[in-house]
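Everything below concerns the one structure shown next.
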Amino acid sequence: MTKSFSKYRNRISLLSGVFILVWSVLVIRFFHIQVLNGEDFKQKSIKQSTTKRLINPSRGSILDRNGYELASTVTHYSFGIQSKDIENKENLINVFSSVTGKSKKYYENKFNLNGFQYLERNMLSEKVKNILELNDKGLIIEKNGYRTYPHKNIGSQIIGFTDTDNKGIEGIEKQYNKALSGEPGWVLLEKDAKQKIRKNRSFPQKLAIDGSNIKLTIDLQYQGILQDELNKRMLKSNAKGAMGVLIEPESGKILAISSIPDFDPNEPAIYKSETYRNRPITDQFEPGSTFKIVPAIAALNDRVVNSNEEFHCGDGSYLVGNHEVKDWKKFGLLTFEQIIENSSNIGTVKIAQLVGEDRIYDFGNKLGFGKRTGISFPGEAKGVFKRTSKWSSISLAEISIGYEVAVTSLQLAMAYGALANDGFLMKPHLVEEIISSDGKIQYKAKPKVVKKVASDDAILKLTKMLEMVVSNGTGEKASLPGWNVAGKTGTAKKYESGGYSSNNYIASFAGFFPSENPQVAGVIILDEPKKGLVYGGENSAPVFGSIVKRIVQTDDNLVHLKKNNFKKVKKRKIRSMNLEKQIVEKNNFNSSLNMLSTKGEAFEKSKINEKLDEGYVRVPDLRGKSMRKVINILNELNLQPKIQGSGIVFWQFPKPGQIVKKGIVCKVGLK
């Protein structure tokens, strides 16, 4: 050891110690950063240098049973560029120019500008397919959409609407929000020190899954007819409101359902919130005489009374204890059939007394009263149908004529649907299918039998009585020449402030047609009608009759089976509580009879196959055809239908036979 070293030994030791200490601290810190907290710092770095952009899925459409859109999302795209990140400028210019028809010079000027520039904004989805296939780092795509309801008020209380974030808050939009919404995707974008964003193909992304389409059992034509007729009658009678339901008895499908006043889901904020409610499902009322099917079917099924048995109806007055039952007319001696035909309260009460409380309750329960139908729709009311232990001394009389009991329009429709369906009560449903964005069926409804409510013989006899109501009795204004309609009228005083009103009524009609082969059952309710039209026969029956007439005029698929058209029609039905099969044997058809045809054919096949200049078609003769057939014909020819009115076509423009360019609007007037 030299003198020099000895002299600086302490300094060297100090410096060495400091160096070792600093190095140790650095190593420890490095270990802390890289090992212990490495993942945290990595995530912070990624967060600072990237940004996650959500990719919104397109909300699924809501369709009627024939595939017509009731609710849809209009998707539009905006396209921008970061000039310095563009990989193939010429290709982008060529594609955009080809798609939009704008000059290449227009886009070249955009590319010559610095920073971010929009090339196109709010382009509809059907026009941008070729652009979306481009894969260029500098091309930025923004996708947006808004909900639209093309038929406005039609079906609004079923469909519901969404909020500004496209979240369902009423109706089917709310009930099936998850299926309609789909799943959002995302993409990671690179962000530099100046916070400029660009694509990086090495970064991960997740594609959005578009929402599923919901196909309803609703028929757009039926729905439009129902709402139109309810609106007209409500105005004519100055009623407070109106409700209606149309169903397919054999399957339980709801074809149309509405209450008036209604609303436009495109502008829900300007309407009162009570108009959003689907009142045939949510609201209950005392049905009056439409409930007389309960004592009638009980008496027929138990063979307590035969159809021709006579009852004296007290000349309009009958005492049950201290309670007086009155008739709308002073009836004397009436048969069972005439009691139903003329809607005699006294005759019905006397029949109910023979049947007894327990059996009245049993058959009311079998027909579905006092319990929810099980429809998949929010807010269904249960109704009121008390057990016999809670009945008073006059309850049997009151309940048999539709008081002390509360029903929904849907419950009443399903009960009459059971009579139309050989006594089988079905579970109602509104949703037919749920279809994924790639076309796969995720759900398909199956008809479900709830129970058999009465014997075949009892059903046939009661159907005959209900036919007499329409052909000769209180429901004559529901009749349609050439078709057998069965139904029952009802008029009930409203219960208000502890007693029954002498001024406010519920007028109703429930029925089905054609009665020999029922394909539609329905209920029409008028709430507090005025102007002398308080009775169901004067107010609700005509609405049902008008609806039936318009359905026959517009629906080419409605089959009319009449005895003089077929030598023999034999039905044999095999049922279980969860499965329905129907075998229909039709022997010796009259081959010349075509029940589904309307006036004239669509157009001659030779004209369909006629060779015209590319992009041109010959306008067919649409006169005498239904709206559905017109839409199908025009869609096939790539012509855009513009429909005015309802019923069958009585004028059109352009004229039949005229050669026009594909894609033009073809106007048709229906009446």
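The values are calculated or read from the model by the stated rules, or taken from the named source; none is laboratory data. Please read these numbers as outputs of a predicted model, since none were measured by experiment. All Cβ positions, glycine included, derive from the backbone under ideal geometry; neighbour counts span all protein chains shown. Side chains included, ligands, DNA and RNA excluded: accessible areas come from the protein's heavy atoms. Shrake-Rupley method; radii C 1.70, N 1.55, O 1.52, S 1.80 Å.
In Å², what does the accessible area per residue of the chain work out to with a 1.4 Å probe?
51 Å²
Placing +1 on the Cβ of each Lys and Arg and -1 on the Cβ of each Asp and Glu in segment 339-428, which of GLY379, ALA406, PHE363 has its Cα farthest towards the positive end of the resulting dipole?
Checking the options against the dipole of segment 339-428, the answer is GLY379.
Go ahead and run the numbers for FRET between ILE643 and LYS127, Cβ-Cβ distance against an R0 of 30 Å, rounding to 0.05.
Once rounded, the FRET efficiency stands at 0.70.
Beyond a 23 Å Cα-Cα separation, which of these cross-linked pairs lie in this structure: LYS110/LYS143; LYS174/LYS382; LYS549/LYS655?
LYS549/LYS655
Ignoring ligands, DNA and RNA, what percent of the 1.4 Å accessible area of segment 309-379 is carbon and sulfur?
After summing per-atom areas, the C and S share lands at 45 percent.
Determine the order of TRP391, TRP186, TRP23 by accessible area, beginning with the largest, at a probe radius of 1.4 Å.
TRP23, TRP186, TRP391
Which of LYS488/LYS625; LYS167/LYS272; LYS253/LYS350; LYS89/LYS662; LYS178/LYS272; LYS464/LYS531 have a Cα-Cα distance over 30 Å?
Exceeds cut-off: LYS488/LYS625; LYS253/LYS350; LYS89/LYS662; LYS464/LYS531.
What Kirkwood hydrodynamic radius do you get for segment 75-214 when you take the inverse of the mean 1/r over all pairs of distinct Cα atoms, in Å?
17.5 Å
Specify which residue in the list LEU634, GLY241, ILE339 is farthest towards the positive end of the charge dipole of the chain, using unit charges on the beta carbon of Lys, Arg (+1) and Asp, Glu (-1), about the Cα centre.
LEU634
Compute the Kirkwood hydrodynamic radius of the chain, taking the inverse of the mean of 1/r over all pairs of distinct Cα atoms, and give it in Å to one decimal.
After inverting the mean inverse Cα-Cα distance, the result is 29.9 Å.
Return the equivalent ellipsoid semi-axes of segment 386-526 as a descending list in whole Å, where each equals the square root of 5 times an eigenvalue of the C-alpha gyration tensor.
30, 22, 17
Quick one, could you list the DSSP H helices from the chain stretching 20 Å or more along their long axis (Cα atoms) with average Kyte-Doolittle hydropathy of -1.0 or above?
Counting only whole DSSP H runs, the qualifying helices are 3-31, 220-237, 456-471, 536-554.
Assigning unit charges at the beta carbon (Lys, Arg +1; Asp, Glu -1) and nothing else, what dipole magnitude in debye, to the nearest 20, does the chain show about its Cα centre?
2880 debye
Rank PHE79, SER125, LEU425 by how far each Cα sits towards the positive end of the charge dipole of the chain (+1 on Lys, Arg Cβ; -1 on Asp, Glu Cβ) and give me just the farthest.
PHE79
Keeping all protein chains in place and using 1.4 angstrom, which order do PHE377, PHE30 fall into by accessible surface area, from largest down?
PHE30, PHE377
Under the rule of -39500 (n - 2.57) per DSSP H run of 4 or more residues, summed and divided by the residues of the chain, what mean residue ellipticity at 222 nm is obtained, to the nearest 500 deg cm²/dmol?
Computed ellipticity for the chain at 222 nm equals -9000 deg cm²/dmol.
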